[in-house]
Structure formats: structure tokens, C-alpha cells
1. Can you classify segment 1-68 as rounded, prolate or oblate using the Cα gyration tensor, where a ≥ b ≥ c are the square roots of its eigenvalues, rounded means a/c under 1.5, and otherwise it's prolate if a/b beats b/c and oblate if not?
2. Per residue of the chain, what 222 nm ellipticity follows from adding -39500 (n - 2.57) for every DSSP H run with n ≥ 4, rounded to the nearest 500?
3. Kindly point out which whole DSSP H helices in the chain project their C-alpha atoms 27 angstrom or further along the helix axis while averaging a Kyte-Doolittle hydropathy of 0.0 or above.
4. What's the FRET efficiency of Gln93 with Val167 using the Cβ-Cβ distance as r and R₀ = 25 Å, to the nearest 0.05?
5. If Lys and Arg each add +1 and Asp and Glu each add -1, what is the summed charge of the other residues whose beta carbon sits under 11 Å from the beta carbon of Gln373?
6. With r defined as the distance between the Cβ atoms of Phe360 and Ala407 and R0 fixed at 22 Å, what FRET efficiency is calculated, to the nearest 0.05?
7. Between segment 191-220 and segment 223-301, what is the C-alpha centre distance in whole Å?
8. In square angstrom, rounded to the nearest 10, how much accessible surface does Leu219 have for a 1.4 Å probe?
Amino acid sequence: MTTITTSAAAAFRFDNSYARDLEGLYVPWKAAEVPEPKLIRLNRALADELGLDAQALDSPEGAQIFSGNKLPEGTATIAQAYAGHQFGGFSPQLGDGRALLLGEVVDRHGKRRDIAFKGSGRTPFSRGGDGKAALGPVLREYIIGEAMHALGIPTTRALAAVTTGEVVRRERNLPGAVLTRVAASHIRVGTFQFVTVRGDMPLLRKLADYTIDRHYPELRGQPDACLGLLKAVSERQAELIARWMNVGFIHGVMNTDNMTLSGETIDYGPCAFMDHYNPATVFSSIDEQGRYAYANQPPIANWNLARLAEALLPLFGEDQDKAVAQAMEVLEAFQARYQHYWLQGMRRKLGLRREEADDFALATDFLKTMEGQSVDFTQAFRHLSDAAEAADASREGWLRKLHADDAALDAWLPRWRARLNAEGIDPAQRAQAMRAVNPVYIPRNHKVEEALAAAVDLGDYTPFEKLLAVLQRPFDERIEFSAYAHPAPAGESAGYRTFCGT
Ligand code: AMP
Ligand code: MG
């Protein structure tokens, strides 16, 4: 039995609007009791942002709370219902099979945030699953979420990770864990699909109103608010995916149940950052067709938005031909909106202040200099920042070294130089601006694996803590962390595979 506790640690000030307003979209449910909860890590900065007592929570009592054994007063734990297209195939009912929403708190900035468990036991949506999470995937989600946040990319974040003292059976026996996740909300494209496929018009209207109120309040009361919602979500997703592409992030499982209406990145399962630039990069072992490969992410996002459009269509008015035409217009605009954000990001990465007609070609041609040469994507942009430090070619050595054959780079660099010189900005200043957007540190796959293996196999969290510390300041080069700035030695990284965190 879970019990309710009212200590200082448990003072969360919940206000549960989802449970209050959206009956039919969830099932009240309780977390499973676990034998021996231990707090691995509390995200103190985030706890503080949420107005929680970080000091009091960083304790054995915090472990009881973040395992679900003792719930804070005001929680109304629910399993949320949603549907979704997974790898293109539609499931009318997915839902929180191993997650629970505890409730919402309004943070110090006045923003409403969901607090949810992942790995808290079976629910009515569990299907064949055990409702549990293993330690490795919990730590992976913690690491990548924090890394994305530090890179300035909208994301859900980990508030806490605990081990449960249970064994979770996967390919082998693994330590069980629970992640506490904070999100702007957990409303997904699949949440809308769940309602539309059931033909529940009143609930669809309620869900749209709720989403607008929570994430796009500027649309409230507008005549075409639901079409406005599709446009606004599309805009945020265009920006989000552009930011992913700008840092080489590959989500790995962009199913419609893993795409939020808020525009936050969610569900870090088989995700990974690309090392060597190759648009076809896929890490996920289950993505055999490469549906969610690096370069496919923008069109897949648009495909998911088309599924959202279908779900919203009944709200666009009586005239469904007109509704379809309006939705098509939004979907057809996506590519250009995505490209707009991508190019905005690339201009900053390349150190360009002005906007010129040739910028798109300049940016794509820089990527082409890397193709087929095993050039590390992250290092290339960082070394380009170094190259910008001098007005001449004297600082280009590190960048050149990354290229086995620098003929393409030879042709590209003078074009870039000419473009920079025309702007007349102090080179040191430009290099500094570039270093503020081109990270030194991303979650390198071998470093993530190393941190997970030490924790899972040895109970040693030192590498995990160290990796988090490095990734907290991704743009700030620190000599002592140079090992974190490189991809794994060739051969070690070849064929790197990630597995779904189930
Ligand atoms: P995900 O791959 O984490 O996005 O999950 C896809 C769907 O599978 C969601 O409905 C999850 O709740 C469900 N699911 C994943 N892992 C488990 C598990 N171990 N037990 C029950 N349901 C699960
Ligand atoms: Mg999911």
C-alpha cells in the first residue's frame, strides 16, 4: 500500500488540472510498492525551480517519495490514456503502461509542470509489459534530458532517479529503477488520436481547449483556434527538430505517442547523438528500415503532424473539404518553416551575423565536406569556431585534421572566409559567439555506456555523476574533461546500437 505523507520533503503544492478537466483520458491508479528504494540522484536545481525543498528531498524519505512508496499529499496518481502510430502502424490504445502522472505544480516562473513516474508498475495499459524500468534506461534518460536542457533544447527533465531493490527481467536480470520526470505536459499527438478514433467529440473539444489554455493561451477565444493549434504545434515542432538536427541528435523512436503538443523532446529510449556526419545514421536496433534516421526526422515530424491534423479535423468546422484544405496548407508549410529554423541555427554555428541568399548553400556545402570521410560532426563545428579566431587560414589546422581528404574543405573555406570578411566583425568576438552555440561536449555514446555499465554492473555512480557535470556546461571547454570531447576510437563505435528502454 502506498501511504500519504505530509513532511517538509513532501510539500509539493499540487494542482491537478488534467485529472480535474479531462475525465475519460486517464485511469486513477496507484504505484506498486517497492522493497528497498534508494535515491541515486535528486536534480536539486530542478527541485528548486519547482519550489520543492531540495534539502529535505535529498534523503531516504526522498527515496520513499520518488519510488512511489510514500506519496506527497495532493497527488492524484493517474495512468494517462493515449493511442499512437508506432513505426507507421496505428495502435488505438497504448497509454501509460509503466508510468503515472502524480500531478502538476506551478514552478517559480509560473509555468505549470507535470511530475510523473516512469517504471512505477503495471497499469491497465500495460498489455504484456511488466510496468517496470531498468536502471540503465533510467540513467540514460536522466543524462540525455539534462544534456539537451544544457544545450538549450526544449525537453522533459529528470527530477530524480531511484533504485527499487527489485530485479527487472530483460535479456538478463537488471536492477529496477524509477525515474521521476518533469514535463510541460504529457499531451501527445497520440492523446488526440485516442479521442478521435473513439469519436468522442465533446472530449476532443475539451482536450483541444485544455491544450490551448495550457500551451498556447494566445489562441484562446480566437475564431479558428483549433486550426491555430495545429499551426502553433507545427511551428514549435519545426523549431524543435531543427535544434535536434543542429546538434546531431537522433531521437530514434519518433512515434506519434512520443511527440508532444508542448514542443518538448520526450521519451529518451534508443536515442543517441551522431558522431561521424552521415545523414543515414540510425542507432536503434528496432529501426530496421531506418524510418527514424537522422535525415528522416524532419519529414517524419511532418508525417506525425499530419496524424495530428487528422485527429483535429472534426474541430475545424462543418465543411470538411475546407478543413482538409486548411490542414494541408499547414502541413505543406512545414518544410519551409523547418528550413527557416535550421538555417537560423546554422548561421549561428557558422558564425554568420547577416542573412544572405547564399547561406543555405554555404551551410549544406559545409556538411558535404564531411560526408563519407568519418568527420565528427560536433568537433567539426567546434574547430570551425577555432578557425574563425584568425582572419586568415592560420587556425584551420584542427579542422583540416578531421578530414582524411580536405579537397572539399579547401574549396569551401575561402567561400566562408569571404562571407565572414564582408561582415567585418572582430574575429575573436566571432569565435566566442560560435563557441557559445557549437558544443564541445555532447553525450558521447561510449561515455554514456561507460556510465551506465559502471552503475548497473558495479553500483558505481562516479562516471554517471562526472558525465552529468561535464554535460551541464557543454560549451565551456575544460581541459581536464578532454576525454569527453571525442568520439570512441574507430572500430569501437562502428555499429553502435541502442535498445528501446523497455
Ligand atoms: P515507449 O517505447 O517507452 O514510448 O513506450 C511505448 C508504449 O509501451 C507505452 O504505451 C508504454 O507505456 C508501453 N511500455 C513500454 N515499456 C513497458 C513495460 N515495461 N511495461 C508496460 N508497458 C510498457
Ligand atoms: Mg513513449
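1. Values: a/c = 2.21, a/b = 1.35, b/c = 1.64.
Oblate, since a/c reaches 1.5 and b/c is not below a/b.
2. Working: 17 runs with 211 residues, N = 502.
Rounded to the nearest 500, the figure is -13000 deg cm²/dmol.
3. Values: long enough: 225-247 (33 Å, 0.47); 320-350 (45 Å, -0.68).
Flagged H segments are 225-247.
4. Working: r = 29 Å, r/R0 = 1.16.
In this case the efficiency is close to 0.30.
5. Details: positive: Lys368; negative: Glu371, Asp376, Asp405, Asp406.
That sum, taken over residues with Cβ under 11 Å, equals -3.
6. On the way: r = 22 Å, r/R0 = 1.01.
After rounding, the FRET efficiency stands at 0.50.
7. Cα centroid of segment 191-220 versus Cα centroid of segment 223-301: 22 Å apart.
8. Taking all protein chains as shown, Leu219 has close to 20 Å².
The values are calculated or read from the model by the stated rules, or taken from the named source; none is laboratory data. Bear in mind that the values here come from a model prediction, so they are computed numbers and not experimental data. When we count neighbours, we look across all protein chains shown, and the Cβ atoms used for this are built from the backbone with ideal geometry, even at glycine. Just the protein is used for accessible areas: all its heavy atoms, side chains included, with ligands, DNA and RNA removed. Shrake-Rupley method; radii C 1.70, N 1.55, O 1.52, S 1.80 Å.
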